[in-house]
Each structure stands twice: as structure tokens, then as C-alpha cells.
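Read the figures in this text as sums done on the coordinates, not as results from a lab. Model, not experiment: these values are computed from the prediction. Every residue, glycine as well, gets a Cβ built from its backbone with ideal geometry; the counts of neighbours run over all protein chains shown.
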């Protein structure tokens, strides 16, 4: 009897070990991230096949589009599922022109680029391949299991803003992290200070919002600028070369006579040289000053020390900055 009991226990243990081995083998060769990738590509293939069916119709279809879709479908079906990652710089490990060991693998599961473009605002200045995802969203960038990867993460704007609007130190910590990930940039932290808590460019709030408080604190300064720099764009609009100049000619004036000028989009936030033209966008600062730290000058100064740099003066106050005007009037004189 005892012999049979031992055999039964041996059989039970063997079955359990076999079950554990099967589960381990399944998880090892069919991990969560691979299941997710399969699901994403199944959807992509289904969409492509629907498009192919439409464009291959002999009555209204387009043979060229159908052929291109056929190639796309074959490519999707032959996709190799693997771990996708980027090596980030920073943490003092960037040396000898080699990346440090910091890795982010978020794109292993967040593989649908179309979906990412929909979720992120157009023209987001932060490049994924330089800064990664966790610098804004938090979480564990190395993890490949969903629960571990998203632990402590901030999925949307509201979630990202919450922990970062508590104090100036939180913003500065984020800016320093951005700088750490892009150490090759020759600019100081002022560049990073243009980013808000979600990685988007801060909003220029306009000089009127600044004046509400600072008119009481610095009345002479505000009055002087209100009569001069704030109205600089009004003056150039009356100049003959500006009025008769081409669109491209006028855009050359925006850099120094407007506030919040975007070189990439050729647009500005407000006309004239306002407070934010020198001090940088005020969204974060004004938010902080209106919150629990209202009236705390030291808290605001932490941001100002970073967002203001005397080097900014040299962008406009340089010799020969009006050479284009000389050329314009020289041409007018020659025509006469």
C-alpha cells in the first residue's frame, strides 16, 4: 500500500512540475509584450485588408493603390516581434561619445505610431528618441510587464500637471532631467525652461497678466516699457519698408519686435517686446504665483533665475541688425 502511495505522490509532483514548466515555457516564449504586439499588428492587417478590398474592386478601384496595400499586408504579416528600445543619455554616463546604459522600452508595446501622433499634440518639441517617455509620463521605462511599466506613471495632461505644479523645485527638477538627456546642447537650462509640465511649450500669457501684479511692485519700470518696448511693433508697422515689404521681409522683423516668436512656424504670441520676450513664457510662473505659493517671491525667483539670461539681449542688440533696411532704402534710392 505504501508503495502505491509513493507512486501517486510521484505522479502528482511530476504533473505539477510539468504544469509549471509548461506555464514557464509559455510565458518565456509568449510574453505579455509579444501578445500586445500581435494584437496591434492584427488590427493593422485587418485595416489594410479592408482598404485592399476596396481599392482592388474592378469597378472603382485603383490598381496601384491595391498593389501597394498588398505589399503592406505582406510586410505586416512577416513582421518580426521583438523588444524595441532606445538608449538614453545622461546621469553622468555620457562620455567618449557613447550612450550610457539607461534604457527605455515603452515603444515595445506603444508601437502604433498613428495612435501616438493622435495622443500627442502636433509639433511637440520633445523628441522621443532623445528624451524617451518617462521624463514626462513617469513609470518604469525598462519594464516589459504592463503593471510594472505603468507604476507611478502619468497618462494624461492632468495627471502630469498635478505633481509638477506643487513647487518651483518640481519644474526645475524636470528641466534638469531634460538637460541631462540632451547634454550636447550648448544652451543653458533656459531652453528647457520653455517646456511646461507636459513636455509641451509653455504658453505666453501676455504682458497684461504680468502687469497686474508687477505694476504695483515696479511702477516706474512698467510705465517706461509701456511707452517704449511694448509699442515697438506699432512703430515699425508705420515704417514704409515694412508696409511695402514682402511677407518674408516682414517676418525678419518679428524676431526682435514681437514676443514669443517661433522661428519654426514664423508666428508670434503678441506684438511688441513684452515681459516674456526677455523672461521667457510665463505659464508656469503665473500658475505657481497664483497657487499656494502666491506672493512667495523666493519661489518665483527660482524660476526666473533659469528663464532669464542676459545672453538673450545679444539676439537683437547686435551691430548691423538693420542691414536689410539699408538694402531696401538703397534700392529705393537707386530706382529714383
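Below are the figures for this structure:
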{"item": "Ordering of 232-244, 56-68, 169-181 by packing [mean C-beta count within 10 Å, highest first]", "result": "169-181, 232-244, 56-68"}
{"item": "Cα long-axis angle, helix 207-217 against the chain (0 to 90 degrees, to the nearest 10)", "result": "70"}
{"item": "For the chain, built as a Gaussian network whose Cα springs stay under 10 Å, the top-fluctuating residue of 272, 75, 132", "result": "75"}
{"item": "Overall dimensions of the range 232-319 as given by Cα atoms, namely Rg and Dmax in Å", "result": "15.9, 50"}
{"item": "Per residue Cα convex hull volume in Å³ - calculated over the chain", "result": "282"}
